[in-house]
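Data first, discussion second: the structure below is written as structure tokens.
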Amino acid sequence: MATKRIESPLPGVIYLSPAPGEPVFKAPGDSVAVGDTLALVEVMKSYMPVEADQAGIFRGYLVETETVLEPGEPLCELEV
Amino acid sequence: MSQRSISVVKPGLETTVQELPGRIGFLEQGFPVSGPFDAWSFRQANLLVGNDRDTAALECQFLGPTLRFDCNAVVAVTGADMRPSLDGVPVAMWSSHVVRAGQVLALGPAYSGARAYVAISGGVDTPVVLGSRAVFHMAGVGGRALVAEQVLPLGVAGPTTLDAPALTIPEALRPRFATDRRWDIEALAGPNDDWLSPEAVEMFFSSDWAVQAKSNRTGIRLTGPEFGFAHRAIHKNSDHGQEPSNIIDHGYPLGAVNLAGQTPIILVNDAPSTGGFINPFTVASAAFWKLAQAKPGDILRFRRIDRAEAGRLRAELGRVTSPGVTALA
């Protein structure tokens, strides 16, 4: 097993749950399949999903919801 | 002669064809002027590839496209640093590059700034709609954002292009992007500053305003302190509407800081031309490129200028985007 850091694919505001008040997309220990949504990035009035490109076990988010991230900045970690 | 073209492999995030001066003369029918948001970077890209500076080129927003060339061409990428590569090999921004038929130009996300421009020798030759190739994506005027597998026709390139030496824009003549996420934006008071309290006018020019993610080519939406209003905004004929920021429908100037309730929205290239909110301030056209390159969370500070200074800034922008600013790479 190795730890993989998932980065924001583009600059914007990160949301860790699908809507305010709802649970986060993934909790530590959850299994992750390819294509699962890990977070949303908001830019230009649109929400772009950040999708897993590898399966694994979710380890945790590295940022709070509504953080502004630059491309390449780490968002969360997976055990792959 | 066969048609020159490029094919869209990946479209990026709302990549559009833009052209200057934009769609002029149809505001009264509700058509915005559109055109490149950062005209400084746009024009320098065109100059690098030997085009007239106002020629149709691509505006890439936050995440750039991947394009396959169906013909030889000279290209240049300017504006936001999207780390362009040609067949996987990184190429410099702000410089001209010869591209051979079959090669692939790929742009990534914006690592600095928000909008990049891709100019191609001969220009993009999409159909002219109401006098311009500029795309108003939201209403589909002049086309829409690029989609995968779309083929973009190119115009006829000048005779010099492929053999010409590589060109660059000297760093001192490029727009300087904020590295601390703070931007000084030149703005004028008016037309409706007299609907705000004098304290609110001072507050606007002395406060930090954060760019919201809910910003696009229609408007740059800001978060900041609350506005106070003048007597005339509160005690007015009911035709004007109920909110202090309501006014009987009027024309909106390009660059207006439009106050909807307590949310200032700067009206930019694809903005509506009329409506019922006051416009207490107006951003100078020479500062638009900074609005184009500000990212969500960036801070704007507005510096009060007068019309004479706005004119000087506009003339200066014209000079740094004129033929002759390119240098041998």
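A short reminder: the numbers here are calculations on the coordinates, not readings from a lab. The structure displayed is predicted, hence computed values, not measured ones. All Cβ positions, even for glycine, are placed from backbone atoms using ideal geometry, and neighbour counts span all protein chains on display.
Observations, loosely collected:
- Neighbouring partner chain Cβ atoms per residue of A:13-20, average, 10 Å criterion: 1
- Hull-based mean projected area of the protein assembly as shown, where the convex hull spans the alpha carbons, in square nanometres: 22.0
- When the GluC sites (Glu not before Pro) in chain A are filtered for DSSP coil states and for at most 13 other beta-carbon atoms within 10 Å of their beta-carbon, the remaining sites are A:E64, A:E66.
- Extension gain for B:F26-B:S285 works out to 91.3 nm (0.36 nm per residue, less the C-alpha to C-alpha distance).
- Between helix B:39-48 and chain B: long-axis angle, C-alpha atoms, 0 to 90°, nearest 10: 10
- What you get for the range A:30-80, charging only the Cβ of Lys and Arg (+1) and of Asp and Glu (-1), is a dipole of about 100 debye around the Cα centre.
- Three-way shape call for the range B:184-277 based on the alpha-carbon gyration tensor, with the a/c threshold at 1.5: oblate
- Among the listed pairs A:K26/B:K214; B:K10/B:K214; B:K236/B:K295; A:K4/A:K45, a Cα-Cα separation exceeding 32 Å is found for B:K236/B:K295.
- When only the Cβ of Lys, Arg, Asp and Glu is charged (+1, +1, -1, -1), the dipole of chain B relative to its Cα centre reaches about 520 debye.
- Working note: Cα atoms of chain B, range along each principal axis, descending, whole Å: 68, 38, 31.
- Taking every residue in B:11-22 and counting other chain Cβ atoms within 10 Å of its Cβ, the average works out to 1.
- Anisotropy class of the range B:5-174 from Cα gyration tensor, a/c 1.5 cut: rounded
- Each Lys and Arg contributes +1 and each Asp and Glu -1, all at the Cβ; summed about the Cα centre of the range B:249-311, the dipole is approximately 260 debye.
- Estimated distance in nm for a label pair at A:T65 and A:A19, the labels positioned 7 Å out from Cα along Cα-to-Cβ: 1.2
- Computed lengthening from B:R314 to B:H250, 0.36 nm per intervening residue step minus Cα-Cα distance: 20.5 nm
- Projecting the Cα atoms of B:V104, B:V33, B:I6 onto the charge dipole of the range B:5-174 (Cβ charges, centred on the Cα centre) puts B:V104 farthest toward the positive pole.
- 10 Å Cβ shell holding at most 13 others, DSSP loop, GluC sites (Glu not before Pro): longest site-free stretch of chain B: B:1-148
- Farthest toward positive dipole pole in the protein assembly as shown [+1 Lys/Arg, -1 Asp/Glu at C-beta], among B:G122, B:P253, B:Q61: B:G122
- Computed [θ] at 222 nm, deg cm²/dmol, chain B (DSSP H ≥ 4; -39,500 (n - 2.57); rounded to nearest 500): -3500 deg cm²/dmol
- Each part gets one Cα centre, and for the range B:100-152 versus the range B:163-208 those centres are 26 Å apart.
- Computing FRET efficiency as 1/(1 + (r/R0)^6) for A:A55 and B:D184, where r is the C-beta to C-beta distance and R0 is 51 Å, gives about 0.60.
- Sites A:R5 and B:H235, calculated FRET efficiency, Cβ-Cβ separation with R0 51 Å, nearest 0.05: 0.30
- Exposure proxy shown here: for B:V129, B:V201, B:V77, the number of other Cβ atoms within 10 Å sets the order, fewest to most, as B:V129, B:V201, B:V77.
- Overall form of the range B:73-169 per C-alpha gyration tensor (a/c, 1.5; a/b vs b/c): oblate
- Peptides B:50-56, A:56-62, ordered by how many other C-beta atoms sit within 10 Å of their residues on average, highest first, read B:50-56, A:56-62.
- Toward the positive end of the charge dipole of the range B:182-319, with +1 on the Cβ of Lys and Arg and -1 on the Cβ of Asp and Glu, the farthest Cα among B:G219, B:F288, B:L188 is that of B:F288.
- Pairwise centroid distance, computed over Cα atoms, of the range A:28-54 with the range B:28-97, Å: 29
- Taken over the range B:218-266, the convex hull of the Cα atoms encloses 82 Å³ per residue.
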